[in-house]
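Asker: Structure provided below as structure tokens; questions to follow.
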Amino acid sequence: MRRALLLAGLLAALVAPAAAQAPPNWSEDEIRAVGRHGPWPPPAVRDPSNRVSGTPAGIALGEHLFNDPRLSGDGRMSCATCHQAGRDWSDGQPKGIGTVPLDRRTPSLWNVGYGHWFGWDGAGDSLWAQSIRPIVDPREMANAAARVGRLLREDGQLACGYRRAFGVSPGADDEQLLVDAAKALAAFQETLVSPRTAFDDFRDALVGGDRQAMARYGASEQRGLRFFVEAGNCSTCHFGPRFTNGEFGDVGIPFFVRPGEVDSGRLGGLARLFDSPFNLLGRYNDDTTGASARRTRHVQRLHANFGEFRVPGLRQVGRAGAYMHNGSVGTLEEVVRHYSEVSPDRLHSDGTPLVRPLGMSPQQSTDLVAFLRSLDAEPPPRPAPPPLCP
């Protein structure tokens, strides 16, 4: 009897590690859940509120402006200073330039054109409106509409690029030219679509039933993916091909910036949105149908929004330099540990609870990190921007 028990224990010890290394058998429901995270890449975006969205001339003008330091008041900072192509369209730093007093991280611009709220707090309801904010913010580029208008009128190449994009020469209305510069910037940013990844190949193989192709995706990554869509319920917020629902949540990151100062997140963002003359309810919206303004018109500012921040997409997540809206978490492993151990007491009491402690085992944590890293890929080299007026 004792020998049988010892043998059974030995067999269990041998089988358990083998089972832990095996990829999962996927059920039909799980296949459908994974399938919702693709295909990738999605169709090109077209913003009806921006008349140069998706146009080659608008994109070209936007790329030149994005890299032009003259768009800042002192001529030393461009959009590319903080959103660097070689750092996945961010700066790799825990805190962005000019984010005091809020101390926020510079978000990546990958796939930004597919969103409908912009900034960590959603203070922008269009990508072009969001692009205006850093240009005129005295803590960042510290420019003004008059200087932007003068640049577009007086620089021969930019003036030519403007005519090609907008069909007219840059006029005397400086605020309109500021908006148009931002719309060109948005048209360029809409082209920043992250590359396909190992996950995308596996997702397509899984949906198509190609077992040979499925086998190229690691067992740890597959187990992490299953945890992501099933036990972890991560897809509730990190939904769809971009791995984000584009909305806001409180995930237990402290909103105290320093003693006596807080970052109210979405609550403050909505106040700034409605105060902005550049929101989609204003005169600069190019969508004559009014459909693009519907979301802004119906959103409500509630105290439950306090401490909520935008749910980021997870593509290229393993390449980030820091995590969370305030850069307070240094590694992807620490992010997973946060969600494994998060205390419900850290959540704002008026909000909707979106997270719970997942209580992951070391193996589950390792697998989840492996899956998240499979959403990364090395982007191809970017060609030099074409001349505005050959």
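The values are calculated or read from the model by the stated rules, or taken from the named source; none is laboratory data. Everything numeric here is computed off the predicted structure, so don't read it as measured data. Every residue, glycine as well, gets a Cβ built from its backbone with ideal geometry; the counts of neighbours run over all protein chains shown.
Asker: Looking only at the stretch 1-20, how many residues end up being at pLDDT 50 or above and surrounded by fewer than 12 Cβ atoms within 10 Å (Cβ to Cβ)?
Answerer: Summing the residues that are at pLDDT 50 or above and surrounded by fewer than 12 Cβ atoms within 10 Å (Cβ to Cβ) in the stretch 1-20 gives 2.
Asker: A further question follows. Before we move on, is Gly240 under 15 Å from Trp40 (Cβ atoms), under 24 Å from the mean Cα position of the chain (by Cα) and either in a helix (DSSP H, G or I) or at pLDDT 95 or above (or both)?
Answerer: So Gly240 passes the test.
Asker: Could you identify the single residue in Arg258, Arg266, Arg319, Arg242 that is within 20 Å of Thr106 (Cα to Cα), basic (Lys, Arg) and in contact with a strand residue (DSSP E or B) (Cβ under 8 Å, 6 or more places away or on another chain)?
Answerer: From the options Arg258, Arg266, Arg319, Arg242, the qualifying one is Arg266.
Asker: Could you give me the residue pairs with C-beta distances under 7 Å whose first residue belongs to the stretch 217-244 and is among the aliphatic types (A, V, I, L, M), whose second residue is buried (at least 19 other Cβ atoms within 10 Å of the Cβ) and at pLDDT 95 or above wherever it lies, and which are 6+ apart or on separate chains?
Answerer: So the pair list comes out as Leu225/Val34; Leu225/Phe371; Val229/Val34.
Asker: Of all helices (runs of 4 or more DSSP H) completely enclosed by the stretch 278-390, which ones contain at least 3 residues that are closer than 24 Å to Arg266 by Cα and among the polar types (S, T, N, Q)?
Answerer: none
Asker: Further, regarding this structure: Quick check on the stretch 304-332: of everything there that is more than 13 Å from the chain's Cα centre (by Cα), aliphatic (A, V, I, L, M) and farther than 15 Å from Asp103 by Cα, which residue is surrounded by the most Cβ atoms within 10 Å (Cβ to Cβ)?
Answerer: Leu332
Asker: Picking from Leu281, Leu270, which residue would you name as being within 25 Å of Asp47 (Cα to Cα), at pLDDT 95 or above, among the aliphatic types (A, V, I, L, M) and buried (at least 18 other Cβ atoms within 10 Å of the Cβ)?
Answerer: When all the criteria are applied, what remains is Leu270.
Asker: Scan the stretch 168-186 and give yes if some residue there is touching a Lys or Arg at 6+ places or on another chain (Cβ under 8 Å), more than 30 Å from Leu61 (Cα to Cα) and crowded, with 21+ Cβ neighbours inside 10 Å, otherwise no.
Answerer: no
Asker: A follow-up question, please. If a residue has to be in a helix (DSSP H, G or I), without any contact (Cβ under 8 Å) to a residue 40 or more places away in the chain and surrounded by fewer than 20 Cβ atoms within 10 Å (Cβ to Cβ) to count, how many in the stretch 126-155 make the cut?
Answerer: Selection size over the stretch 126-155: 6.
Asker: Consider the stretch 208-221. How many of its residues are closer than 29 Å to Trp89 by Cβ and in a helix (DSSP H, G or I)?
Answerer: Matching residues across the stretch 208-221 total 2.
Asker: Output the number of the condition that Ala293 fails; it satisfies all remaining conditions of (1) closer than 30 Å to Ala85 by Cα; (2) of a type in the set (Gly, Ala, Ser); (3) at pLDDT 95 or above.
Answerer: (1)
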